[in-house]
Amino acid sequence: MICDKCHKNEANISVKTMVNGIAENYYLCPECARKQGLFQSGFGFEKLPVSNFLGQALFNFPFASMSNQPTSIGTKSNKSVRCPGCGQDFADLRKTGLFGCPECYTTFHDLIRSMLDQIHGGHIHHVTQIASADVVIEEMKPLTEIEKLRSELQEKIKLEQYEEAALIRDKIKDLTAAETDETTNNSETEGEAE
Amino acid sequence: MSWYEEHGPDQDVVISTRVRFARNIKGYKFPHLLDREETSELINIIVEAVQRLDPKSFHLVELNSLNLTDKQSLAERHLISPQLINSQQNKCLLINREEYLSVLILDEDHMRIQAINAGFNPDQAFEQAKNLAVALESVLEIVYDQEFGYLAACPTNVGTGLRISALLHVPGLEYLNQLKYMIDSLRRSGFTVRGYYGEGSSEQGQMLQISNQITLGKSDLDLVNQFKTILSVFIKQEREARKHWFEHEKIKLQDRIYRSKAILSNAYLIGHEEAFNCLSDVRLGRALGFVGFPDYTDILSLIYLIGVGSIQKKEGQILNSEQRDIARAKLIKKHFADLINN
Ligand SMILES: [Zn+2]
Ligand SMILES: [Zn+2]
């Protein structure tokens, strides 16, 4: 039998396909089969054993896209915070895509948290393209006030509305502080009861 | 003896494995914001610390004091990144005698602690780099945060600071048109895939560098194990592809490999790309057990020698493109004559 593709070589591979419900059957020589990435049996590729979403999350990582678009957002804002360790503000960080000093991690803590959450899947509500069942269960849990604010914060960062982002970040800070106070108070009362 | 003159596991597919840790020192800004004074202060601190740990085996290379050729040669051996060749900032490299352990000072982070091994050897490379990182932590104040782990200048390195990569030889998957598919699934799984000469380089001679992208949210050991799992699938598939190729198009395959060997043994003029691709074919011949082919270690030494920077370093002068092609052909021919006669 002659190859259906090049009409030259002897075919020794039979290919069956199903496209839109229509079955097709044709014959290829080894060379044409190779060029199409087809093989005889016994040469199947395994799926790589890792989920996609970590990689996806990283590509959607807002910091990366920020560093690609050096605009002046943030510079006119008097709300923009400067890191006491290195004097950089968020606009500076965007320009280089790099933190200025280790203290930046404290100064821009909440912004960084939301960025890093995306990388390692801490806040899965905003990572698209997840198909696993246990993730759906996650999403059905009601959000806490802080979680709601965090997701809002990420939205604002995505939309590059940094002034609003800063306001939300401050709210989160206050709430987190209040929470810690509460827990400390609680543990104190418990301590007294004992 | 340099690391690339040694044998390693799975060498038929994997050329080398690298592990590096990003580490920064307390009390200093990240390198791109340091002034001249802080720069030299920090270099002194790090050099002194490394030499205190192991005074004999490390030597210091100041990248600023090197000429272009020397820097190219370091990049061709993967000791510095190609971007560093044109950098004007003061950066240093501490490197041990066998060249398998190094500390790159004041690149993107204060320190990049790197170990490189022949073949597929993530465990050993990890252990070597980690040991040096841990030792340095005992003599230097390293920035570490309870929440984020090891802090780094770039958020993509935060956490473990670990980057593990392997350089793979994949002519089989290339030939069977499976490379695109494999690269896509690696990228979707959170791995970076690059050509032999790093960022933006084409996939020359079917050699690929694969590395992890995620550094946070998993322990460094988990990252290494995940890398091992993924790479072992890739290695197996490359072997399958070669077997398929050999079984189905044996004569053509032999013809291609022996032609490449003939070119390397006989040419009077050879450009870098042609030499690289022929060496890739010859490496495949070695892997398939063809008689009279040089060993992996000799092929890798040659790959290192034929680079644009390395060839000029070897000749001790700046050469134009034709002079380089002549020198390269001569060098390869001589090596081949020696290797095959032995
Ligand atoms: Zn055909
Ligand atoms: Zn800072």
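Here, each number is a calculation from the coordinates, and none is a lab measurement. Owing to the predicted nature of the structure, the values given are computational and were not obtained by experimental measurement. FYI the Cβ positions are ideal-geometry reconstructions off the backbone, even for glycines, and counts take in every protein chain you see.
Points worth noting:
- With a simple spin-label model that places each label point 7 Å from the Cα along the Cα-to-Cβ direction, the separation between B:LEU66 and A:LEU159 comes to 4.9 nm.
- Angstrom value of the Kirkwood radius, inverse mean 1/r, which spans all Cα pairs in chain B: 21.1 Å
- Extending 7 Å from the Cα toward the beta-carbon at both A:HIS7 and B:LEU53 defines two label points whose distance is 6.9 nm.
- Label point at A:ILE146 placed 7 Å out along Cα→Cβ; residues across region B:124-166 whose backbone nitrogen lies under 18 Å: B:146-149
- Max mean-square fluctuation residue, GNM over chain B, Cα-Cα springs under 10 Å, options B:GLY217, B:GLY161, B:GLY119: B:GLY217
- Highest-MSF residue in chain B out of B:GLY27, B:GLY292, B:GLY271 [GNM, Cα springs under 10 Å]: B:GLY27
- Compared with the direct C-alpha span, the chain from B:GLU6 to B:HIS272 gains 93.3 nm at full extension, assuming 0.36 nm per residue.
- Neighbouring partner chain Cβ atoms per residue of A:25-33, average, 10 Å criterion: 1
- With a 10 Å cut-off around each Cβ of A:97-110, the average count of Cβ atoms from other chains is 6.
- For the pair B:SER40 and A:ALA178, a Förster radius of 45 Å applied to the C-beta separation gives a FRET efficiency near 0.45, rounded to the nearest 0.05.
- Per residue, the average separation of C-alpha pairs within less than 8 Å and at least 6 apart gives region B:163-278 a relative contact order of 29 percent.
- Paired Rg and Dmax values of region B:190-342, which use every Cα atom, in angstrom: 18.0, 54
- Crossing angle, helix B:321-341 versus chain B [Cα axis fit, 0-90 degrees, rounded to tens]: 70 degrees
- Which listed pairs, of B:LYS56/B:LYS91; A:LYS95/B:LYS180; A:LYS35/B:LYS252; A:LYS95/B:LYS91; A:LYS8/B:LYS252, have C-alpha distances above 25 Å, in listed order: A:LYS95/B:LYS180
- Length released on extending from B:ASN131 to B:GLU322, taking residue separation times 0.36 nm less the Cα-Cα span: 64.2 nm
- Using a cutoff of 8 angstrom between alpha carbon atoms and counting only pairs six or more residues apart, the relative contact order for chain B works out to 21 percent.
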